[in-house]
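I have a structure here, written as structure tokens, and I will follow up with some questions on it.
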Amino acid sequence: MKRPKKLPIGIQTFREIREDDCYYVDKTAFALRLAEEGKYYFLSRPRRFGKSLFLDTLAEMFAGNEPLFRGLFLHDRWDWQQVHPVIRVSFGGGVLQSLGDLADKLEEILRDNAQRLGLSCDYPLADRRSFAQLIRRAHERFGRRAVVLVDEYDKPIVDNITQPEVARAMRDGLRNLYSVIKDVDAHIKFAFLTGVSKFSKVSLFSGLNNLRDITLSPDYATVCGYTATDLDTVFSPELPGLDRREILRWYNGYRWLGEGVCNPFDVLLVLKERQIRPYWFETGTPTFLIDLLARRQVFAPDLARLATSADLLGRFDVDDMATEALLFQTGYLTIIAADEPVTGRWVYTLGFPNQEVASSLNEALIPSLGLDASKALGNRLSILAALRDQDFAAVRRHLNGLLDSIPHDWYRRNDLDRFEGYYASVIYSHLAALGLDVRVEDKSSRGQVDMVLFLDRQIVILELKVVENTGPGKALAQIKERGYAARYRGHGHLIHLIGVELSRQSRNIVAFDVERDTVPAASPGGTGGKTSA
């Protein structure tokens with residue numbers, strides 16, 4: 001839907017692409033449903049996903065700003081005479097580094113609300129009692145209960161997560177603020193809190209046990225972000241000249257147990273700039289995240305397919321940061337599968353949402369693997385050319401050079417028993433950082449293959465083994481014995497089988513066996529001729 005630029009912005013999830021036009025994605029059906037179904041809500045979404053703009057929608061709806069909603073889903077379904085005072089609390093701007101900063105910010109927020117609503121408070125504005133009094137007096141003056149909207153509720157904590165003492169102090173200070181919502185329940189019509197991280201409700205929301213968390217509700221899976229349908233309808237005038245499939249491959253794939261969505265920040269920028277780039281990733285991936293993954297020795301291939309429980313996925317606090325929860329809540333992993341092996345007990349499989357995250361995060365992890373990032377790019381481009389030319393002797397030479405570049409000090413400081421996973425991480429990150437479609441431990445009925453690379457019209461199946469004194473050929477033999485190629489024959493692509501064996505002693509490749517799979521798709525088994533690179 002196109003609307004003139006002169007209309008006030010902020011009532012749907014949309015952004016300006018051209019100077020003379022705005023594109024609107026109508027999210028008002030979600031706003032109506034929330035208002036009709038309940039009272040207290042919490043939503044976690046990654047940064048730059050449209051949370052603030054959705055709060056704008058709620059604010060204008062409850063404030064009775066009817067002209068903004070003409071032609072939208074909500075307009076003829078809402079009583080515009082029911083106007084409620086709206087109190088906005090946002091920690092989205094700036095970085096707060098101390099309790100003093102937090103007190104100053106609270107004073108600024110409450111002063112702005114009091115002035116806008118024409119109210120006064122008897123207590124110091126940074127005092128939680130002023131927040132409670134503001135809600136009560138808003139109810140008294142307007143004759144209708146207040147609406148409380150809290151944006152980026154957790155930002156003061158997340159901004160200080162590498163300084164646990166400061167983060168805990170922020171958490172305690174915010175707990176005092178949010179406890180007010182429970183204390184003045186009789187004066188509140190509706191409350192909605194958003195954030196990036198799902199901190200424990202018990203520790204942070206202090207008794208607000210009727211807060212409905214819609215983060216993983218399929219009904220609200222697309223409350224933020226753009227669906228593929230939105231791309232094809234709302235933004236269709238901007239698509240000519242762009243590769244729709246590549247836009248979806250790079251930016252789609254975020255899932256919260258419902259329909260997948262594209263990262264809205266990326267979509268808007270690719271439509272404006274007309275080129276695919278990791279826009280979202282470039283806006284500020286926290287260095288502490290990369291450092292944390294390195295300290296915990298999380299291997300990159302594990303991130304592409306990570307199983308976790310519902311409890312672990314939702315557990316996140318200053319003193320207990322589960323890796324899975326951190327990566328999921330910040331948007332670097334998403335739910336790619338959900339299973340209920342026992343009634344009421346869910347197991348989620350996490351993975352990279354799209355190509356942007358997979359390639360960018362792997363590139364950011366390269367220095368933590370002991371590699372020189374400046375040299376790695378040139379080496380990756382050479383490997384890409386060799387793979388496209390099916391020059392596997394060159395692929396081996398490049399991988400040998402890659403492994404040779406790892407400082408010996410790395411081996412001294414790390415667990416030697418984890419070499420196989422480490423080597424898999426080095427090779428996987430090296431390829432994934434190029435933006436290639438690399439799948440790890442792709443399951444079949446006969447087992448799991450280490451790595452599968454899809455490139456042009458060829459598929460490369462890669463199995464890694466760290467060997468002691470055994471003879472060469474073990475890795476390739478496993479690919480053949482377990483029939484890893486069978487599930488890919490229906491693609492109609494050329495399939496290469498590569499068995500890579502690495503020596504714990506020499507710390508490099510001792511066997512690199514390559515074989516082309518020549519079995520027709522309908523055949524039960526067999527292999528083609530073997531070569532050695």
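Kindly state, to the nearest 0.05, the FRET efficiency for R296 paired with R249, given R0 = 30 Å and r defined as their beta-carbon distance. Walk me through the intermediate numbers first.
Details: r = 29 Å, r/R0 = 0.97.
It comes to 0.55.
Taking the highest mean first, how do the peptides 26-38, 287-299 order by number of other beta carbon atoms within 10 angstrom per residue? Let's see the in-between values first.
On the way: 26-38: 17.7, 287-299: 15.1.
Highest to lowest by the protection proxy: 26-38, 287-299.
Of all alpha-carbon pairs in region 293-372, indicate the percentage at a distance above 23 angstrom. Write out the running numbers ahead of the final one.
Numbers: 750 of 3160 pairs.
Counting every Cα pair in region 293-372, those more than 23 Å apart make up 24 percent.
Taking 22 Å as R0, compute the FRET efficiency from the Cβ-Cβ separation of Q163 and D319 and round it to 0.05. Walk me through the numbers on the way to the answer.
Working: r = 13 Å, r/R0 = 0.59.
Plugging the Cβ-Cβ distance into 1/(1 + (r/R0)^6) gives 0.95.
What aspartates and glutamates does K189 reach when the alpha-carbon gap must be under 14 Å and sequence neighbours fewer than 8 apart in one chain are set aside?
Those aspartates and glutamates meeting the cut-off are E36, E37, E140.
Of the listed pairs K39/K182; K39/K198; K51/K182, which have alpha-carbon separations greater than 21 Å here?
Working: K39/K182 12 Å; K39/K198 19 Å; K51/K182 23 Å.
Beyond 21 Å: K51/K182.
Run down the aspartates and glutamates and flag those whose C-alpha is under 13 Å from the C-alpha of K465, throwing out any fewer than 8 positions away in its chain.
Filter leaves D417, E420, D450, E501, D513.
Compute the semi-axes of the equivalent ellipsoid of region 40-137, taking the square root of 5 times each eigenvalue of the Cα gyration tensor, and list them largest first in whole Å.
One finds semi-axes of 28, 19, 10 Å for region 40-137.
Starting from the Kirkwood Rh over alpha-carbon pairs, what translational D in µm² s⁻¹ does region 211-270 have by Stokes-Einstein at 37 °C and 0.692 mPa s?
Values: Rh = 12.1 Å.
This corresponds to a translational diffusion coefficient of 271 µm²/s.
Let me ask something additional. With the crude spin-label approximation of a point 7 Å out along Cα→Cβ, what separation in nm comes out for Q82 versus N508?
7.4 nm
If I take the Cα coordinates of region 104-244 and project them onto the principal axes, what are the three extents in Å, biggest first?
That works out to 60, 42, 29 Å along the principal axes.
Take the alpha-carbon positions of region 95-162, form their convex hull, and give its projected area averaged over all directions (one quarter of the hull surface) in nm².
Details: hull surface 19.0 nm².
Taking the Cα atoms of region 95-162, their convex hull projects to 4.7 nm² on average.
Only the coordinates and a few stated rules stand behind these numbers; no lab work does. Computed from a prediction, not measured in an experiment: that's the story for all the values here. Quick reminder, even Gly has a Cβ in these numbers, built from the backbone with ideal geometry, and neighbours come from all protein chains shown.
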